[in-house]
Structures are given as structure tokens and as C-alpha cells.
Amino acid sequence: MVALGCAKNLVDAEQMLGALTAVGYELTAQPAEADVIIVNTCSFLEAAREEALREIRQAARHKTKGRCQVLVVSGCLAQMHPELIQERCPEVDAVLGVSTFPRIAGIVEQLRREQGWRPIEVELPNMPYQEYLPRRRATPPWTAYVKIAEGCNCNCTFCTIPSIRGAFRSRPMEAVVREAEALAADGVRELVLIAEDLTHYGHDQYGRRRLGDLLRRLGEVGGVDWIRLLYCYPTKLDDDLITAMAEVPQVLPYVDMPLQHAHDGILRAMNRGGRRASYLKLLDKLRAALPEVCVRSTFIVGFPGEHREELAALETFLVEAQLDRVGFFPYSREPGTPAADLPGQVPGGVARARIARLAALQEEISAARQSALLGRRLEVLVEATGAAGEPFEVLGRSYRDAPEIDGVVRVSGQAQPGELVTVEVTGTTTHDLEARLVSC
């Protein structure tokens, strides 16, 4: 299994792995040893599509010259561009969209029996997350992603997600709680809640947003130490949700909140709900309720119509907002999106130069915010032990570090992966911390 893209895609891949191992398939990390190869793809941006096609072509070589009997392409690229996969990679046996993976085991079995059967199944997305399906987690045993919803109703003008994943659909709260209980019983200490729009959770099921209520329920699950939120939409971080984050001790003071820009005209053209002033007001509210909060955001640079004035507004905002962690991405002109037809398209080279300038500014801000942690005591989830000869015995993450996204904490002292330990910060860099072990 080759799993590309975001954590939501990874959960889909984990369910496919669970379905296949449940009927007797064994997993291998070596493509040359595999009878069946599945490439679960991303299609959010042009760069993601090119990466997916490279991985498919690499897998195809094992089909034509190696042991592989069945090559399946699934996920977002399959959903959006099945004809592109057929044209570029004729070795592929099946093209399966984002709603098909609950039937993956039966499809693979049929492909092995019926040579020449080449299904293309990309029906409109429904709610593909099936609670009854087994799941073979690919994350460390102490951390698990929990997908609480699928799809998005925001319709940002640059985004293809609604076309790929469909309208927003929440999972029932009881189903999410049952999954959390099962994960905790399996030794999971950190639940990472994910969705395309986490903060819209419950609106379709219950007539109002209920992420705060869900957090309160999850806080009652025994054995869960950390609950982390990813992909919050800023205009939906309401008072009830912020109160729940402050009240439920397991909920980490960490907010991943893509703002995308800070010039009101650009935000309007993006069809984003917030504006610069409301973003700053929200940050003040978060910091008042959660004094230790770590705020991560992302910004699109080079959106159509972005000129010197708009770029300067974004620079000023970064200084005012004092965000902890920021990612910058060049605008990608995606066919079929409203933004693709807007005037004032910005050349890619110009966007990349602007990103370099913004990143240098943000690096100073992030480094200063990190240095403020010197001498502080933090809880760290240990993930690995250091290699022989390294000055730090332990690598882990604090509440400020989402898996595979943010930094790490390098700790002097002895501890085992999966343990939660208390450390004192002794050094900082722009993204990482150095610390000494205080206690387990």
C-alpha cells in the first residue's frame, strides 16, 4: 500500500489494509514482494497529481516486470481523473474513487480471478467511513487519527475538495465515541481528530455545530491523555468550542486553523468567511481562554489579484498575529475552480519569491515564540530513542507538535516510546525544542 496525501487519506488506506488483512492478505513493505499493490492517491494540487502519477508508474514496473498481479489506484486522483490514470498508466487494473474502499477486499479477489476485468468505480461520494470495517493503523501505537466527518460545504474558490469528497457529512457522535473507546482499549493515548472542516461537525446531523459536545464526550473516554484538533475553519471556532477546549483537560491547547490570507479583498475573492480584523479578534479570544495555545496556520501566496498592497497586508498581519507555526504555499490554478478564471493570475516564480520573503519574516516570529519556552516544563509523548552517539536519548512531541507536521522535542534522559514524560526546556530552534527529563 502506497498512501499519499493527508491524514484523512491515510485513514482510508488504513481501512483498506484492515479489510484485506481480515481476509488473509499479508502486508509487505517491499513492493517487489507484493502480489497486490494499491496506490491511494491525492489530487488536491497539480504537484500532488504529479507525485501520484510517479508512484503509479513506479508500481506499474512491478506489474510488468515483477511479481505484482494486481495494481489498484484509489483515492482522490482516481475520483477526479480516472481517464488520466488510464491514459498515462495502462497497467492499472482498477480505478476506485473515494467511496469504493469498503469493498476493496472483494474487488481485489475478483481482479485476481477474472483477468481482463478492469473496473472503474468513481460514483459520487457518500459517507465511506464504515465503523464496522477493520482498520490496520499505520501510525505509532500510541497515536491514532479519528475521522469525524467527510466532505466540505465551504466552496472556497481555489479548492477542489467539494468536487472530490462531496458535501459535508458528519459521523454520528456515538460512533465516534465508540471508536475512541476501542482505540483507547488498544493502547492509544493521543486522538487526532480530522475532517475537511472539523469545526462544522454535527451541523448536518443535529442542526447545529456540536464539536464542543463531542470533545466533552471524548474527555470521558478512559485512557486517552491527549485530544488534538486539526483543520479548524476560523469563522466556526465559536464560544462553545473554545469553552470546551478550555474545560476538557485532555484537549490540547493547539489550534490548526488555515487562514489562507489576510487581505480582505483576497479573502473575499477566495470566498473565505473571515476578514483580517475578525482573525485578530479570534486570536485574542483564543489566547485569553487558552493562555498556552499554539496556533498553526497556512497561507496561499500568489492568489489572483495579489499585488504589493495585498502582500504588504499579509506581512503586517503576520507581525500582528504572532502565529506559532505557519506554512506558505504557492497558489495552484486548479481547472474547474472559480479562481482559475479570475484575472490577475500571478506567475509561479513571483509567488515563490514572495513565499521566501514571508517565510523569512515568519521564521523570526516562530523562533521568538519558541525561545519564550526556555525553562518551561512540558509534557512530552515519547516517540523514539536516539541513535548511539547522539547527544539526546529520546525524541518526542509536546502539545505544540502535531504528528508529521510540526517539530520534535529532543530530550536528555531515559524513557520508552509511548510514555508521557515531563521535561524542562533547555534550548530552542525555530521549530524544535531541546529539553532534559524531569520525571516520568
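None of the figures in this text is laboratory data; all of them are computed from the coordinates on show. Bear in mind that the values here come from a model prediction, so they are computed numbers and not experimental data. Quick reminder, even Gly has a Cβ in these numbers, built from the backbone with ideal geometry, and neighbours come from all protein chains shown.
Taking the Cα centre of each part, how many Å lie between segment 396-427 and segment 129-182? First find each Cα centre; the distance between them is then 27 Å.
When the Cα positions of Met16, Ala402, Ala313 are compared along the charge dipole of the chain, Ala313 comes out farthest toward the positive end, with charges on each C-beta of Lys, Arg, Asp and Glu. Just round it to a whole percent: the fraction of Cα-Cα distances in the chain exceeding 42 Å. So the pairs more than 42 Å apart make up 16 percent of the total in the chain. The relative contact order of segment 377-439 comes to 34 percent, based on Cα pairs under 8 Å that sit 6 or more residues apart. Computed from label points 7 Å out along Cα-Cβ, the spacing between Gln30 and Ala359 is 3.7 nm. Here the extension length gained between Ala312 and Ala277 equals 11.1 nm, from 0.36 nm per residue of separation less the Cα-Cα distance.
Over 17 Å, how big is the tail of the calculated P(r) for segment 377-439, in percent of all Cα pairs? Don't skip to the end; give the middle numbers.
Numbers: 534 of 1953 pairs.
Value for segment 377-439 (Cα pairs over 17 Å): 27 percent.
Of the two radii for segment 271-374, the radius of gyration is 1.01 times the Kirkwood radius, both from the alpha carbons; that is the Rg over Rh value.
With an 8 Å Cα cut-off and a minimum separation of 6 or more residues, compute the relative contact order for segment 134-185 in percent.
RCO, segment 134-185: 34 percent.
Once the Cβ-Cβ distance of Thr298 and Thr429 is raised to the sixth power relative to R0 = 25 Å, the FRET efficiency obtained is 0.75.
The number of Lys pairs in the chain with C-alpha atoms less than 28 Å apart, excluding pairs fewer than 8 positions apart on the same chain, is 7. Once the gyration tensor of the Cα atoms in segment 195-266 is diagonalised, the equivalent ellipsoid follows with semi-axes of 23, 15, 10 Å, ordered largest first.
Can you give the net charge of the other residues whose Cβ lies under 12 Å from the Cβ of Leu314, counting K and R as +1 and D and E as -1? Around Leu314, the surrounding residues sum to -2. Taking a point 7 angstrom from the Cα of Arg436 along the C-beta vector, which residues in segment 350-390 have backbone N less than 16 Å away? Counting only backbone N, you get 374-378.
Which is the longest part of the chain that has none of the chymotrypsin sites (Phe, Trp or Tyr not before Pro) sitting in a DSSP loop with at most 12 other Cβ atoms within 10 Å? Longest stretch, sites excluded: 133-440. Stokes-Einstein, applied to the Kirkwood radius of segment 2-121 over Cα pairs at a viscosity of 1.002 mPa s and 20 °C, places its translational diffusion at 153 µm² s⁻¹. Just checking the listed ones, Ala269, Ala29, Ala47: in the Gaussian network model of the chain with Cα springs under 10 Å, the one fluctuating most is Ala29.
Annotation: segment 86-217 has a Kirkwood hydrodynamic radius of 16.9 angstrom, from the mean reciprocal C-alpha pair distance.
Would you mind getting the Kirkwood hydrodynamic radius of segment 143-371 from its Cα pairs, rounded to one decimal in Å?
It is 18.6 Å.
Applying the criteria of a DSSP loop state and at most 15 other Cβ atoms within 10 Å to the trypsin sites (Lys or Arg not before Pro) of segment 150-246 yields Arg208. Note on the chain: GNM, Cα springs under 10 Å; of Pro343, Pro249, Pro141, the largest mean-square fluctuation is that of Pro343. Helix content alone sets the calculated 222 nm mean residue ellipticity of the chain: runs of n ≥ 4 DSSP H residues at -39500 (n - 2.57) each, divided across all residues, give -11000 deg cm²/dmol.
Sequence-distant contacts, meaning Cα pairs under 8 Å at least 6 residues apart, place the relative contact order of segment 294-427 at 22 percent. Of Asp401, Asp12, Asp239, the residue with the greatest mean-square motion in the GNM of the chain, using alpha carbon springs below 10 Å, is Asp239. Separation of segment 260-275 and segment 26-56, taken as the distance between their Cα centroids, equals 35 angstrom. Per-residue extension of 0.36 nm, minus the Cα-Cα distance of Ile120 and Arg88, leaves a gain of 10.0 nm for this segment. Extension gain, Ala384-Lys65: 0.36 nm per intervening residue step, less the Cα-Cα distance, totals 111.1 nm.
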